[in-house]
Amino acid sequence: MELSYDPDCMDRRKEPRHEMEFSVLIWGMDRNARAFTEMVRATSVSAAGAVLLDIHSKVRAGEVLDVQHEAQRAQFRIVWTRPGETGIQVLPSQPAIFGAGVPKTFEMAGTG
């Protein structure tokens, strides 16, 4: 049996990510049950999630964060963490607050 490698099958994301960076306000409870609020940077953004950079509070996968981008707010679940990066995904009942921040030029790139 021969195995083949298809790089398009390796990415499980349902939506494209955009390599842009901007500030967001986050708040929640850390793993020691202490409330925190931080201004952090978001990157690798899609309508459904992002990667947050350099969160100083001790957070863990499965926890819920409140995130504010410009005037919009939503709750996100922490999907994964590693030093300096935290992956988040919007909860199903929440608005896609990052979709409005993705420029139309990024959305249209590569569609032709």
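Points worth noting:
- Residue exposure sequence - Thr37, Thr43 - by fewest surrounding Cβ within 10 Å: Thr37, Thr43
- Sorted fewest first by neighbouring Cβ atoms within 10 angstrom, His69, His56 come out as His56, His69.
- Of Arg77, Arg34, Arg41, the sequence from fewest to most neighbouring Cβ atoms within 10 angstrom is Arg34, Arg41, Arg77.
Read the figures in this text as sums done on the coordinates, not as results from a lab. Since the structure is predicted, the reported quantities are computational estimates derived from the model, not experimental observations. Note that we place each Cβ from the backbone using ideal geometry, even for glycine, and neighbour counts take in every protein chain shown.
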